[in-house]
Amino acid sequence: MESYPDNRQPDIEKANMQSVFLTSNFKLWVVAFIFFLTFFHLFTSLAFPNSRILPEKLVLTVVLGLIAYLWTQEIRDRERLQAMNEQLIIAHRKLQDAEVNTISSLVLFEEAKDPYIRGHSNRVTMFSLAMAEALELSASTKETIRRASMLHDLGKISIKDSILLKPGPLTDAEWDIVKRHPQIALDILDPLKFLYLEKRIILYHHERIDGKGYPAGLKDKEIPFESRIIAVADTFDAMNTARIYREPCSKEFILSELKKVSGTQLDSQFVDVFLGLIDKNPQFWERTLGTPEFPVS
């Protein structure tokens, strides 16, 4: 197949659109000619019944030929329009991915300022996708989870470093500010209407099964299942990495704590899935995992 430089692609698409437009106009003229020929033949047959200005076989042959032409062109135009539509869908998805990647870069930049949480969003995304794969979720759902996981802490970019990097316990007022980060993320992402599923997942990823989470106090199945998946991954990585005020928790403590909060803070189904994945993937304990990727459906 012949390839073209990227800078010629818009010209090619423009030419295709013009071709379809010209074909459509020409088909209108063909239809008009068929009507004119048919009307002319009927008129002459009634006006001059004893003479044949145009033989019926000739008129029938021309009309059938033109109809066959119209039918063929309709099929070709439909194929062209379908190809153009697919190109537009691909371009639209690339634009959406570019927007998400740009915002994800802000999250990674914010994490880079804190050596204790650097790579957190990448790891949470990897763990969440591993659970989604184990649950055999659809490709589109996995992509939604990937985006939501990468952006789940976006709201923290508006929180002062004096709070995020505070070496001691937070005051109640400071904790109230931190708990606003899901809503802040929602406000930041509001212009991106195509992320409506991801925004809901991000907003509720700190809800608890027992209803004691935030921001809405949802419980159990009221919480989107994608949020419940991310919550497990987020909790594990929070315990498995160091913080300015503590060292990483031990493996024994983390496993015990996950089982302890299963059914109260975290969804027991997804905790069980994750624990099974840890047994099969000891690399989950590593703290320098690379950027996760998952194909867009």
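Computed from the coordinates by the stated procedures, all read-outs in this text should not be read as laboratory data. For clarity, every value in this text was computed on a predicted model and none was experimentally measured. So basically every Cβ, Gly included, is an ideal-geometry build from the backbone, and we count neighbours across all protein chains shown.
The label point for Lys27 and the one for Ser162, both projected 7 Å from the Cα toward the Cβ, are 6.8 nm apart. Measuring spread by the Cα atoms of the chain yields a radius of gyration and Dmax of 31.0, 109 Å. Amide H contacts under 5 Å for Leu266: Ile209, restricted to partners 5 or more places along the chain or on a different chain, H placed in the peptide plane at 1.01 Å from N.
Between Tyr196, Tyr245, Tyr69, the GNM of the chain built on Cα springs shorter than 10 angstrom shows Tyr69 fluctuating the most. Ranking Val62, Trp175, Leu186 by how far each Cα lies toward the positive end of the dipole of the chain (charges on Cβ) leaves Val62 at the top. Cross-link partners of Lys259 among aspartates and glutamates, defined as those whose alpha carbon lies under 19 angstrom from its own and excluding same-chain residues fewer than eight positions apart: Glu207, Asp210, Asp220, Asp234, Asp237, Asp267, Asp272, Asp279. For the chain, hydrophobic long helices are taken as DSSP H runs at least 24 Å long by C-alpha position along their axis with mean Kyte-Doolittle hydropathy of 0.0 or more; these are 9-47, 56-112.
Would you please give the FRET efficiency between Leu192 and Asp77, computed as 1/(1 + (r/R0)^6) with r the Cβ-Cβ distance and R0 = 25 Å, to the nearest 0.05?
Working: r = 34 Å, r/R0 = 1.37.
In this case the efficiency is close to 0.15.
Rounded to the nearest 0.05, the FRET efficiency derived from the C-beta distance between Tyr69 and His92 at R0 = 51 Å is 0.90. For Arg52 and Lys212, the difference between the fully extended length at 0.36 nm per residue and the C-alpha to C-alpha distance is 48.5 nm. In a Debye calculation with equal point scatterers on the alpha-carbon sites of the range 113-285 and no solvent, what is log10 I(q)/I(0) at q = 0.11 Å⁻¹? Per q value, in the given order, log10 I(q)/I(0) is -0.44.
Taking the centroid of alpha carbons for each part, the range 41-89 and the range 119-166 are 58 Å apart. Full extension of the segment from Met84 to Glu174, taken as 0.36 nm per residue of separation minus the current Cα-Cα distance, would add 27.2 nm.
Pairs to check: Lys94/Lys199; Lys142/Lys193; Lys199/Lys219; Lys94/Lys160; Lys212/Lys280; Lys94/Lys221. Give those whose C-alpha atoms are more than 23 Å from each other in this structure.
On the way: Lys94/Lys199 19 Å; Lys142/Lys193 19 Å; Lys199/Lys219 18 Å; Lys94/Lys160 33 Å; Lys212/Lys280 32 Å; Lys94/Lys221 33 Å.
Among Lys94/Lys199; Lys142/Lys193; Lys199/Lys219; Lys94/Lys160; Lys212/Lys280; Lys94/Lys221, the Cα-Cα distance tops 23 Å for Lys94/Lys160; Lys212/Lys280; Lys94/Lys221.
Extension gain for Phe225-Thr264 works out to 12.5 nm (0.36 nm per residue, less the C-alpha to C-alpha distance).
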